[in-house]
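Some notes on the structure that comes next.
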Amino acid sequence: MLLILSWLLLASACSSTAPADGSVVDPSTDLVQPRAVHLGSAPVTDRTRHVVAVAQNLYTFWDTGEQVYLDRAVDGTFVDNTLPPGRPQGPHGPAVASAGFRTAIPDLSCELADLYVTGDTFTARLIFRGHFTGTYGSTVGSGRSVEFGAIDIQHVGDERIVEDWHLEDNLTFMQQAGLIGAS
């Protein structure tokens, strides 16, 4: 509930989008491109561009599963403040999580729908899509389409992300995959 309230407050406080020329976004074709970047009334600085590039690298990792993008985004001192049971703490944790999702959904993609930048912190609204064709525990997927959301809050240190908070809509994933009944 607190995360949802924080998201709503942030969304209302940061209602303007990035400059029309896209100068805050790294246009590299290998990086995920955010659908919208929200900066509020803050001026665009080199630090703003850096924070956006870190976000683009992180969500390119989630889109591709390629370790190089995670290494560019996450610091060696990284702390996951909403660590699920069984996931290792530190920079290896997201790699374990991605591998787990990709075992169930090999064609997993990540859309960076909204990116809110506030100083050294960014909040992202994400949409994950794919097909449950792999395995989840002992359940073999039947090819069902899945689409579920997530909200991330990431704090960037000197160069990379040093801590995060995240909430994935695992209930929707599990219902769409047929792992549990829909209510």
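From the residues in the range 28-43 that are farther than 20 Å from R102 by Cα and open to solvent by less than 50 Å² (accessible area, probe 1.4 Å), which one is modelled with the lowest pLDDT?
Among residues in the range 28-43 that are farther than 20 Å from R102 by Cα and open to solvent by less than 50 Å² (accessible area, probe 1.4 Å), the one modelled with the lowest pLDDT is G40.
Quick one: in the range 44-86, of everything that is touching a strand residue (DSSP E or B) at 6+ places or on another chain (Cβ under 7 Å) and among the charged types (D, E, K, R), which residue is least open to solvent (accessible area, probe 1.4 Å)?
Of everything passing the filter in the range 44-86, D80 is least open to solvent (accessible area, probe 1.4 Å).
Mind listing whichever residues of the range 112-132 are touching an Asp or Glu at 6+ places or on another chain (Cβ under 8 Å), open to solvent by 20 Å² or more (accessible area, probe 1.4 Å) and under 30 Å from D46 (Cβ atoms)?
Matches in the range 112-132: R125, I127.
Within the range 133-173, can you find the residues that are open to solvent by less than 50 Å² (accessible area, probe 1.4 Å) and more than 15 Å from the chain's Cα centre (by Cα)?
G134, G141, G143, V146, G157, T172, F173
L108 passes all but one of (1) more than 19 Å from V51 (Cβ to Cβ); (2) without any contact (Cβ under 8 Å) to a residue 40 or more places away in the chain; (3) open to solvent by less than 40 Å² (accessible area, probe 1.4 Å); (4) of a type outside the set (S, T, N, Q); which number fails?
(2)
The values are calculated or read from the model by the stated rules, or taken from the named source; none is laboratory data. These numbers come from a predicted model, not from an experiment. Counting neighbours? That spans all protein chains shown, and the Cβs are built from the backbone with ideal geometry, glycine included. All accessible areas refer to the heavy atoms of the entire protein, side chains included, with ligands and DNA or RNA removed. Shrake-Rupley method; radii C 1.70, N 1.55, O 1.52, S 1.80 Å.
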